[in-house]
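I have placed the structure first, in the form of structure tokens, so that the comments after it can refer back to it.
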Amino acid sequence: GQFDSAIRELEKTIAGDESAIGPRIQLAKLVFSHRKDRQSAHRLLDQVATQSPHEPEALRLRTSMLMDEGKNAEAEALLMSAVDAKADFASLLLRAEFFAASGNAQRAEADYRRLIDLPQVSPDAFSRFVRFLEDQQRRDEALAMCVRGLAANPADAGLQHAQVRMLLDAEDTAQRDRGRALLKLLRASNPENPEWLRLSAALAAADGDAGA
């Protein structure tokens, strides 16, 4: 099949290049997801670790595999080691996501806050934090984080979308009106944006239903 062919090609690639990190990670993904061969996947990731101990994609895959195996303590230890070695965006995000998935919201939030306080903040840091706060049903804090993120990067489309969407969904009439006004401004500046078109169409339909 298609996946077997891809696996064979990747096996040929890594056979001739001991330092081929990317192909080894891709091969580990395939043998884990399509052949359910955990042992081979772990062996490939061990080989990656000798070249790049905290490679983000390898770390993400290894964490996912360990959690799938019910080895959450090992996954946490791996992520703690990665953050201790290099507390950068990739390692902190992975640990934050792990804590969130494990039901440890307090520790997840601490890592998300570290993400937005890094010396060079990734454009994605605020969006990730906003998503986490929304998942925790903390809409007001999520909105405040949108405002903070947009102050740092006014053109961040993801934060703009999140802010408008949350304002339009608010129970407070003043916030909904603010959302409508903001959507009008953003659509005027970028009339072909599919998100603005979608939200505008949804509003028009809702207004039509309300007036019926």
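Observations
- Whole-number D in µm²/s for segment 71-165 (Stokes-Einstein; Kirkwood sum over Cα pairs; 20 °C, 1.002 mPa s): 157
- In a reduced charge model with +1 at each Lys and Arg Cβ and -1 at each Asp and Glu Cβ, the chain shows a dipole moment near 80 debye about its Cα centre.
- Residues Asp46, Asp111, sorted by accessible area with the largest first, give Asp46, Asp111 [1.4 Å probe; ligands and nucleic acids excluded].
- Over the chain, accessible surface divided per residue gives 56 Å², non-protein components excluded, 1.4 Å probe.
- The simple spin-label model puts a point 7 Å past each Cα toward its Cβ; for Asn193 and Gln106 those points are separated by 3.8 nm.
- Accessible surface of segment 97-212 [probe 1.4 Å, protein heavy atoms]: carbon and sulfur percent: 51
- Candidates Glu74, Glu55, Glu171, ranked by Gaussian network fluctuation over the chain, Cα under 10 Å, top entry: Glu171
- FRET efficiency for the pair Gln136 and Glu11, taken as 1/(1 + (r/R0)^6) with r the Cβ-Cβ distance and R0 = 41 Å, rounds to 0.40.
- Directionally averaged projected area (segment 1-133, Cα convex hull): 8.9 nm².
- If R0 is taken as 30 Å, the Cβ-Cβ distance between Asp4 and Gln51 corresponds to a FRET efficiency of 0.70.
- Spin-label model distance (nm) - Val147 vs Glu171, 7 Å beyond Cα toward Cβ: 2.0
- When the Gaussian network model of the chain links Cα atoms closer than 10 Å, the mean-square fluctuations of Arg43, Arg148, Arg198 top out at Arg198.
- Residue with peak Gaussian network fluctuation, the chain [Cα springs, cutoff 10 Å], from Asn193, Asn153, Asn72: Asn193
- Each residue of segment 93-103 was assigned a 3J(HN,Hα) from its phi angle through the Karplus curve 6.51 cos²θ - 1.76 cosθ + 1.60 (θ = phi - 60°); the sequence is 5, 4, 5, 4, 5, 4, 4, 4, 5, 8, x Hz, with glycine and proline shown as x.
- Shape of segment 1-76, Cα gyration tensor, a/c cut at 1.5: oblate
- Shown is the FRET efficiency for Leu185 and Ala205, computed with R0 = 25 Å from the Cβ-Cβ distance and rounded to the nearest 0.05: 0.75.
- Taking a ≥ b ≥ c as the square roots of the eigenvalues of the Cα gyration tensor, segment 109-192 is oblate, since a/c reaches 1.5 or more and a/b is not larger than b/c.
- The chain: relative contact order as a whole-number percent, Cα under 8 Å and 6+ apart: 8
- Whole-Å distance, taken between Cα centres, linking segment 80-96 and segment 143-211: 33
The values are calculated or read from the model by the stated rules, or taken from the named source; none is laboratory data. Here the structure is a predicted model, which means the values were calculated and not measured. Cβ atoms come from the backbone with ideal geometry, glycine included; neighbour counts cover every protein chain shown. Note: accessible area is taken over every heavy atom of the protein model, side chains too, but ligands, DNA and RNA are not part of it. Shrake-Rupley method; radii C 1.70, N 1.55, O 1.52, S 1.80 Å.
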